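Here's the structure we're looking at; comments come further down.
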Amino acid sequence: MSGEQRRRPLISANWKMHLNHFEAIQQVQKLSYLVSTEELESVDVSIHPPFVDIRSVQTVLESDGIGFALGAQNCHPEASGAFTGEVSTQMLAKLHVHYVIVGHSERRTLFGESDDFVAAKVRAVHAAGMTPIICVGETLDEREADATEARVARQLEAALDGSSPDAIAGFVVAYEPIWAIGTGRVASADDAQAVCHHLRAVVEEIAGSSAAASIRIQYGGSVKADNAAELMARPDIDGALVGGASLDADTFAPIVNFRSAAG
Ligand code: PGA
(Lines give C-alpha, C1' and ligand atoms only; values in the text may rest on other atoms or scores of the structure.)
Protein backbone atom coordinates (compact mmCIF):
# COMPACT_ATOMS: atom_id res chain seq x y z
CA MET A 1 0.00 0.00 0.00
CA SER A 2 2.68 2.46 0.91
CA GLY A 3 5.76 2.22 -1.25
CA GLU A 4 4.49 1.01 -4.62
CA GLN A 5 2.73 4.09 -5.92
CA ARG A 6 4.54 7.24 -4.90
CA ARG A 7 2.31 10.21 -4.27
CA ARG A 8 3.31 13.68 -5.42
CA PRO A 9 5.20 15.35 -2.57
CA LEU A 10 3.77 18.53 -1.06
CA ILE A 11 6.23 20.92 0.59
CA SER A 12 4.41 23.58 2.61
CA ALA A 13 5.71 26.82 4.10
CA ASN A 14 3.94 27.61 7.39
CA TRP A 15 5.02 31.18 8.08
CA LYS A 16 3.04 31.40 11.34
CA MET A 17 2.92 35.03 12.59
CA HIS A 18 5.92 36.21 10.56
CA LEU A 19 6.43 38.43 7.49
CA ASN A 20 4.23 41.40 6.60
CA HIS A 21 2.71 41.69 3.12
CA PHE A 22 5.72 43.50 1.63
CA GLU A 23 8.12 40.91 3.00
CA ALA A 24 5.78 38.17 1.80
CA ILE A 25 5.90 39.42 -1.78
CA GLN A 26 9.70 39.62 -1.66
CA GLN A 27 10.07 36.08 -0.30
CA VAL A 28 7.68 34.57 -2.84
CA GLN A 29 9.46 36.29 -5.73
CA LYS A 30 12.87 35.25 -4.41
CA LEU A 31 11.67 31.66 -3.99
CA SER A 32 10.37 31.62 -7.55
CA TYR A 33 13.91 32.37 -8.77
CA LEU A 34 15.41 29.63 -6.63
CA VAL A 35 12.98 26.85 -7.57
CA SER A 36 13.11 25.68 -11.16
CA THR A 37 10.00 25.03 -13.23
CA GLU A 38 11.25 21.44 -13.78
CA GLU A 39 11.27 20.94 -10.02
CA LEU A 40 7.63 22.04 -9.86
CA GLU A 41 6.69 19.34 -12.37
CA SER A 42 7.17 16.72 -9.68
CA VAL A 43 6.68 18.60 -6.39
CA ASP A 44 3.77 20.70 -5.10
CA VAL A 45 4.66 23.77 -3.05
CA SER A 46 2.22 25.70 -0.87
CA ILE A 47 2.82 29.01 0.87
CA HIS A 48 0.80 29.74 4.04
CA PRO A 49 1.26 33.42 4.97
CA PRO A 50 -0.63 35.32 7.68
CA PHE A 51 -4.20 36.22 6.60
CA VAL A 52 -3.34 39.87 5.93
CA ASP A 53 -0.73 38.83 3.33
CA ILE A 54 -2.91 36.44 1.37
CA ARG A 55 -4.32 38.92 -1.16
CA SER A 56 -0.84 40.29 -1.92
CA VAL A 57 0.62 36.80 -2.33
CA GLN A 58 -2.30 35.77 -4.54
CA THR A 59 -1.68 38.77 -6.78
CA VAL A 60 2.04 38.11 -7.18
CA LEU A 61 1.55 34.38 -7.82
CA GLU A 62 -1.12 34.98 -10.45
CA SER A 63 0.37 38.03 -12.16
CA ASP A 64 3.86 36.51 -12.38
CA GLY A 65 2.57 33.02 -13.27
CA ILE A 66 4.39 31.41 -10.31
CA GLY A 67 3.43 27.76 -9.79
CA PHE A 68 3.17 27.71 -5.98
CA ALA A 69 -0.21 27.04 -4.39
CA LEU A 70 -1.66 29.56 -1.97
CA GLY A 71 -2.36 28.35 1.55
CA ALA A 72 -3.88 29.58 4.80
CA GLN A 73 -2.91 28.69 8.37
CA ASN A 74 -6.41 28.50 9.83
CA CYS A 75 -10.08 29.18 9.14
CA HIS A 76 -13.46 29.27 10.87
CA PRO A 77 -15.93 26.49 10.03
CA GLU A 78 -18.99 28.77 9.64
CA ALA A 79 -19.64 30.50 6.31
CA SER A 80 -20.30 33.88 7.92
CA GLY A 81 -21.66 35.36 11.13
CA ALA A 82 -20.85 37.13 14.37
CA PHE A 83 -17.38 35.65 14.91
CA THR A 84 -15.19 38.67 15.57
CA GLY A 85 -11.69 38.27 14.23
CA GLU A 86 -12.36 35.09 12.26
CA VAL A 87 -12.04 34.27 8.54
CA SER A 88 -14.34 31.83 6.71
CA THR A 89 -13.45 29.15 4.19
CA GLN A 90 -15.56 30.95 1.56
CA MET A 91 -13.45 34.07 1.97
CA LEU A 92 -10.29 32.02 1.54
CA ALA A 93 -11.60 30.15 -1.48
CA LYS A 94 -12.48 33.47 -3.11
CA LEU A 95 -8.77 34.38 -2.90
CA HIS A 96 -7.88 31.10 -4.63
CA VAL A 97 -6.49 29.55 -1.49
CA HIS A 98 -5.89 25.87 -2.18
CA TYR A 99 -4.67 24.37 1.11
CA VAL A 100 -5.72 25.24 4.67
CA ILE A 101 -3.76 24.06 7.71
CA VAL A 102 -6.20 22.73 10.29
CA GLY A 103 -5.55 21.73 13.90
CA HIS A 104 -1.92 22.86 14.15
CA SER A 105 -0.62 22.02 17.63
CA GLU A 106 -0.14 25.74 18.36
CA ARG A 107 -3.86 26.31 17.74
CA ARG A 108 -4.81 23.28 19.80
CA THR A 109 -2.63 24.21 22.78
CA LEU A 110 -2.51 28.04 22.70
CA PHE A 111 -6.06 28.64 21.47
CA GLY A 112 -7.85 25.65 22.97
CA GLU A 113 -9.12 24.08 19.74
CA SER A 114 -10.96 20.81 20.36
CA ASP A 115 -11.04 17.73 18.15
CA ASP A 116 -14.68 18.50 17.24
CA PHE A 117 -13.83 22.03 16.17
CA VAL A 118 -10.93 20.71 14.08
CA ALA A 119 -13.27 18.18 12.40
CA ALA A 120 -15.79 20.93 11.60
CA LYS A 121 -13.03 22.96 9.97
CA VAL A 122 -11.89 19.96 7.93
CA ARG A 123 -15.42 19.51 6.55
CA ALA A 124 -15.80 23.26 5.87
CA VAL A 125 -12.49 23.43 4.00
CA HIS A 126 -13.51 20.51 1.80
CA ALA A 127 -17.03 21.90 1.24
CA ALA A 128 -15.47 25.16 0.02
CA GLY A 129 -13.43 23.24 -2.58
CA MET A 130 -10.08 23.46 -0.78
CA THR A 131 -7.78 20.84 0.75
CA PRO A 132 -7.18 20.57 4.50
CA ILE A 133 -3.72 19.86 5.88
CA ILE A 134 -4.68 18.12 9.12
CA CYS A 135 -2.01 18.32 11.82
CA VAL A 136 -1.56 15.60 14.42
CA GLY A 137 1.29 14.95 16.83
CA GLU A 138 2.29 13.77 20.28
CA THR A 139 3.96 15.52 23.20
CA LEU A 140 7.34 14.40 24.52
CA ASP A 141 5.65 12.79 27.54
CA GLU A 142 3.38 10.80 25.25
CA ARG A 143 6.32 9.66 23.13
CA GLU A 144 8.28 8.60 26.21
CA ALA A 145 5.22 6.72 27.50
CA ASP A 146 4.99 4.85 24.18
CA ALA A 147 1.63 6.49 23.52
CA THR A 148 2.48 8.15 20.18
CA GLU A 149 0.54 5.85 17.87
CA ALA A 150 -2.59 5.83 20.03
CA ARG A 151 -2.47 9.62 20.38
CA VAL A 152 -2.12 10.46 16.69
CA ALA A 153 -4.67 7.80 15.70
CA ARG A 154 -7.24 9.36 18.04
CA GLN A 155 -6.55 12.85 16.67
CA LEU A 156 -6.83 11.68 13.07
CA GLU A 157 -10.02 9.65 13.64
CA ALA A 158 -11.60 12.67 15.31
CA ALA A 159 -10.52 15.07 12.55
CA LEU A 160 -11.92 12.81 9.80
CA ASP A 161 -15.29 12.44 11.49
CA GLY A 162 -18.07 13.19 9.01
CA SER A 163 -15.80 13.28 5.91
CA SER A 164 -16.46 10.79 3.09
CA PRO A 165 -13.83 8.30 1.85
CA ASP A 166 -13.68 10.17 -1.49
CA ALA A 167 -13.00 13.44 0.29
CA ILE A 168 -10.43 11.84 2.61
CA ALA A 169 -8.52 10.46 -0.39
CA GLY A 170 -7.63 14.02 -1.39
CA PHE A 171 -6.73 15.30 2.08
CA VAL A 172 -3.27 15.95 3.46
CA VAL A 173 -2.19 14.91 6.96
CA ALA A 174 0.84 16.46 8.66
CA TYR A 175 2.51 14.37 11.33
CA GLU A 176 4.15 16.94 13.60
CA PRO A 177 5.60 15.68 16.88
CA ILE A 178 5.14 18.64 19.23
CA TRP A 179 8.61 18.16 20.76
CA ALA A 180 10.16 18.64 17.31
CA ILE A 181 8.37 21.89 16.38
CA GLY A 182 10.67 24.89 16.46
CA THR A 183 13.13 23.06 18.70
CA GLY A 184 15.78 21.92 16.24
CA ARG A 185 15.03 18.35 17.36
CA VAL A 186 13.88 16.36 14.37
CA ALA A 187 12.27 12.91 14.53
CA SER A 188 14.55 10.30 13.02
CA ALA A 189 13.49 9.27 9.53
CA ASP A 190 12.73 5.78 10.89
CA ASP A 191 10.50 7.10 13.68
CA ALA A 192 8.71 9.54 11.35
CA GLN A 193 8.18 6.79 8.78
CA ALA A 194 6.76 4.44 11.43
CA VAL A 195 4.19 6.99 12.59
CA CYS A 196 3.24 8.02 9.04
CA HIS A 197 2.80 4.34 8.15
CA HIS A 198 0.55 3.93 11.17
CA LEU A 199 -1.50 6.99 10.16
CA ARG A 200 -1.99 5.49 6.70
CA ALA A 201 -3.27 2.30 8.31
CA VAL A 202 -5.71 4.38 10.36
CA VAL A 203 -6.97 5.99 7.14
CA GLU A 204 -7.36 2.53 5.59
CA GLU A 205 -9.52 1.43 8.50
CA ILE A 206 -11.71 4.52 8.31
CA ALA A 207 -11.92 5.15 4.57
CA GLY A 208 -10.60 2.05 2.77
CA SER A 209 -7.46 1.12 0.89
CA SER A 210 -7.85 3.47 -2.03
CA ALA A 211 -8.12 6.55 0.23
CA ALA A 212 -5.14 5.26 2.23
CA ALA A 213 -3.10 4.86 -0.94
CA SER A 214 -3.77 8.37 -2.17
CA ILE A 215 -3.89 10.53 0.98
CA ARG A 216 -0.65 12.49 1.38
CA ILE A 217 1.14 12.47 4.74
CA GLN A 218 3.71 15.16 5.47
CA TYR A 219 6.26 15.22 8.26
CA GLY A 220 6.74 18.49 10.13
CA GLY A 221 9.06 19.55 12.96
CA SER A 222 12.46 21.16 12.41
CA VAL A 223 12.66 20.15 8.75
CA LYS A 224 15.78 21.70 7.19
CA ALA A 225 17.70 21.30 3.95
CA ASP A 226 20.03 18.77 5.56
CA ASN A 227 17.34 16.35 6.74
CA ALA A 228 14.60 16.82 4.09
CA ALA A 229 15.88 14.33 1.52
CA GLU A 230 16.28 11.52 4.05
CA LEU A 231 12.77 12.05 5.42
CA MET A 232 11.21 12.32 1.98
CA ALA A 233 12.86 9.10 0.82
CA ARG A 234 10.72 7.10 3.25
CA PRO A 235 7.76 5.38 1.57
CA ASP A 236 4.99 6.86 3.72
CA ILE A 237 6.34 10.43 3.95
CA ASP A 238 4.90 12.50 1.12
CA GLY A 239 6.25 15.92 1.90
CA ALA A 240 7.00 18.38 4.66
CA LEU A 241 5.30 21.12 6.64
CA VAL A 242 8.06 23.61 7.32
CA GLY A 243 8.01 26.45 9.84
CA GLY A 244 11.27 28.22 10.71
CA ALA A 245 13.20 27.17 7.61
CA SER A 246 10.40 28.40 5.33
CA LEU A 247 10.74 32.05 6.35
CA ASP A 248 13.65 32.73 4.02
CA ALA A 249 13.71 31.55 0.42
CA ASP A 250 17.43 30.75 0.83
CA THR A 251 16.66 28.07 3.43
CA PHE A 252 13.31 26.94 1.98
CA ALA A 253 14.35 26.49 -1.67
CA PRO A 254 16.85 23.66 -0.92
CA ILE A 255 14.03 21.81 0.88
CA VAL A 256 11.75 22.18 -2.15
CA ASN A 257 14.70 21.08 -4.32
CA PHE A 258 15.35 18.09 -2.03
CA ARG A 259 15.89 15.74 -4.95
CA SER A 260 18.80 17.72 -6.38
CA ALA A 261 20.13 18.36 -2.86
CA ALA A 262 20.21 14.57 -2.38
CA GLY A 263 22.34 14.37 -5.54
P1 PGA B 1 9.31 24.15 12.48
O2 PGA B 1 7.70 24.27 12.48
O3 PGA B 1 9.70 23.72 11.08
O4 PGA B 1 9.79 25.54 12.82
O5 PGA B 1 9.68 23.13 13.49
C6 PGA B 1 6.89 23.32 11.86
C7 PGA B 1 5.42 23.64 12.08
O8 PGA B 1 5.06 24.07 13.18
O9 PGA B 1 4.59 23.48 11.16
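At 1.4 Å probe size, with every protein chain present, just tell me what the per residue accessible area of segment 151-211 comes to in Å².
39
Could you check the spin-label model distance between GLU205 and ALA150? Points 7 Å from the Cα along Cα→Cβ, value in nm.
1.2
Please report the Cα spread of the chain along all three principal axes, rounded to whole Å, starting with the longest.
Extents along the principal axes: 52, 45, 34 Å.
Could you work out the relative contact order of the chain? I mean the mean sequence separation of Cα pairs under 8 Å and 6+ apart, divided by the number of residues, in percent.
22
Which helices of the chain meet both criteria: a Cα extent of 15 Å or more along the helical axis and a mean Kyte-Doolittle score no lower than -1.0, with helices taken as whole DSSP H segments?
Span-like helices in the chain: 21-34, 115-127, 148-159, 189-207.
Excluding same-chain residues fewer than 8 positions from LYS224, which lysines have a Cα within less than 27 Å of its Cα?
Here the lysines satisfying the reach criterion relative to LYS224 are LYS16, LYS30.
Taking H as built 1.01 Å from N, whose amide H comes closer than 5 Å to the amide H of VAL100, not counting residues under 5 places away?
It is ALA72, THR131, ILE133, by chain and number.
Quick one: check the C-alpha center-to-center distance for segment 166-236 versus segment 87-137, whole angstrom.
18
Round to a whole number: what % of the accessible area of the chain belongs to carbon and sulfur, probe 1.4 Å?
Its accessible area is 52 percent carbon and sulfur atoms.
Taking loop as defined by DSSP and a crowding limit of 16 other beta carbons within 10 Å, which chymotrypsin sites (Phe, Trp or Tyr not before Pro) in segment 62-143 fit?
Answer in residue order: PHE83, PHE111.
Based on Cβ point charges of +1 for Lys and Arg and -1 for Asp and Glu, what charge dipole magnitude is obtained for segment 10-262 about its Cα centre, in debye rounded to the nearest 20?
The dipole of segment 10-262 has a size of about 480 debye.
When all C-alpha to C-alpha distances in segment 123-194 are sorted into bins of 10 Å, what percent of pairs does each bin hold, rounded to whole numbers?
18, 46, 27, 10
Sticking with the crude label model, points 7 Å out along Cα→Cβ, report the distance from SER114 to THR59 in nm, one decimal please.
Label-label distance for SER114 and THR59, simple model: 4.1 nm.
Under the 0.36 nm per residue contour assumption, what length would be gained going from the current alpha-carbon distance of SER188 and PHE83 to full extension?
33.7 nm
Go ahead and set up a Gaussian network model of the chain, Cα springs under 10 Å, then flag whichever of GLY81, GLY162, GLY239 fluctuates most.
GLY81
The values are calculated or read from the model by the stated rules, or taken from the named source; none is laboratory data. As the structure is a prediction and not an experimental result, all values here were calculated from the model. Heads up, the Cβs are rebuilt from the backbone with ideal geometry, glycines too, and the neighbour counts pull from every protein chain shown. In case anyone asks, the SASA skips ligands and DNA or RNA and just uses the protein heavy atoms, side chains included. Shrake-Rupley method; radii C 1.70, N 1.55, O 1.52, S 1.80 Å.
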